[in-house]
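**Student:** My questions all concern the structure below.
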Amino acid sequence: MLTETKTVEVEPTLQQQKKEVAKEKRALLLRRIWANKLLVIGGAIIILITLVALAAPVITQFTPYDLEATNRLKPPSAEHWFGTDNFGRDIFSRVVYGARVSLAVGLSVAFITGFLGLFIGMYSSYYRILDHVLMRVADGLMAFPSILLAIAIMAVMGPKPANVVLAIVIVETPVVARIVRSSALVVKEQTFIEAAKAQGASSWRIIWQHMAPNVLTPLIVQVTYVFSVSMIIEAALSFLGAGIPAPEPSWGNILYDGKSVIQTAWWMTVFPGLFLLLAVLGSNLLGDGIRDLIDPHSNKAKK
């Protein structure tokens, strides 16, 4: 009876200790996040732009398609915060709705590229035959400048939002795959991988349960970089007329419309350019912050 009583008393104590340890870990993680200025600032910028894009119908009294010839090229005012373009459309509404396009393209490309890059990079690092084939294809794609390759792909497929995403995915996937492959090759030579092989673990188990978790840090950082690069490429394609087709709002389209009147209507290029700058800056800061959070050694190395 005495032994049973002791067992009953110990179990709640162990459970309570586990809860306290978990609570302390969460508190420590929150402190590390708040202490990471890059992560906080970058995350705040991206969240703010996302909220503005989602709340576009609420915070704008005009749609991005409203034409009003009598109000063309009006400077910023209380009615039109960012002025109007050469068709009388409200620049603020077009910039805010254009944020939806840029964020959607960036997120789509980052997600698809991250998945394909992880898949290609992991199997290339593990199987030499696949490595020779896939990496030579990647080298061929990386031989062309990103924007030129994207323009060539769009010229073949035509200017559509889905084609913009596909073109940027084709351009950026080889870079992500190479980064994943180089990290996986280092992990592959570790002792615990040799031990897993000696125990008879399958290739699938070794690749996805032992190697893949150890390449997530460089993958996540690269995906945030792809997110910002995708927005720049999308804006460049739209600016050149090979991206999001008019009259759909896009930061690149607005910049294209404003280039011919930049001396008389500066607001048509300044405001969409500032939003694009903030989005790219926030994404890069967020990526650096995530890297420092996941891999503290990188932060110590800089110090």
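Bear in mind these aren't lab numbers, they're just calculated from the coordinates by the rules spelled out. Keep in mind that what you see is a predicted model, and the values were worked out from it rather than measured. All Cβ positions, glycine included, derive from the backbone under ideal geometry; neighbour counts span all protein chains shown.
**Student:** Between the range 14-77 and the range 218-263, what is the C-alpha centre distance in whole Å?
**Tutor:** 21 Å
**Student:** Among 41, 199, 211, flag the residue with its Cα farthest along the positive direction of the charge dipole of the chain, charges on Cβ as +1 for Lys/Arg and -1 for Asp/Glu.
**Tutor:** After comparing all options, I get 199.
**Student:** Do you know the Lys pair count in the chain for C-alpha distances under 25 Å, with sequence separation 8 or more or different chains?
**Tutor:** Lysine pairs satisfying the spacing and distance rule in the chain number 12.
**Student:** Also: Using alpha carbons only, how many degrees (0 to 90, rounded to 10) separate the axis of helix 146-157 from the longest principal axis of the chain?
**Tutor:** 70 degrees
**Student:** While we're here: Using only helices, what value at 222 nm comes out for the chain when you add -39,500 (n - 2.57) per DSSP H run of length 4 or more and divide by the total residues, to the nearest 500 deg cm²/dmol?
**Tutor:** -25000 deg cm²/dmol
**Student:** In terms of modelled amide H atoms, which long-range or inter-chain residues lie less than 5 Å from the amide H of residue 84?
**Tutor:** Residues meeting the amide H criterion: 73, 74, 91.
**Student:** Looking at 77, 237, 186, which one has the Cα that reaches farthest to the positive end of the dipole of the chain (charges on Cβ: Lys, Arg +1; Asp, Glu -1)?
**Tutor:** The residue sitting farthest along the positive end of the dipole is 186.
**Student:** Hey, got the dipole for the range 23-302? About the Cα centre, +1 on K and R Cβ, -1 on D and E Cβ, debye to the nearest 20?
**Tutor:** Computed charge dipole of the range 23-302: roughly 900 debye.
**Student:** Also, quick follow-up: Pick out, from 224, 275, 150, the residue whose Cα sits farthest towards the positive end of the charge dipole of the range 23-302, with +1 on the Cβ of Lys and Arg and -1 on the Cβ of Asp and Glu.
**Tutor:** Working it through, the farthest residue towards the positive pole turns out to be 224.
**Student:** For log10 I(q)/I(0) by the Debye sum over Cα atoms at q = 0.09, 0.11, 0.12, 0.13 Å⁻¹, one of [x] -0.60, -0.81, -0.90, -1.00; [y] -0.40, -0.61, -0.74, -0.88; [z] -0.44, -0.68, -0.82, -0.97 was computed from the structure I shared and the rest are decoys. Which label?
**Tutor:** [x]
**Student:** Below 8 Å between Cα atoms, with a sequence gap of 6+, how large is the relative contact order for the chain in percent?
**Tutor:** About 25 percent, as a whole number.
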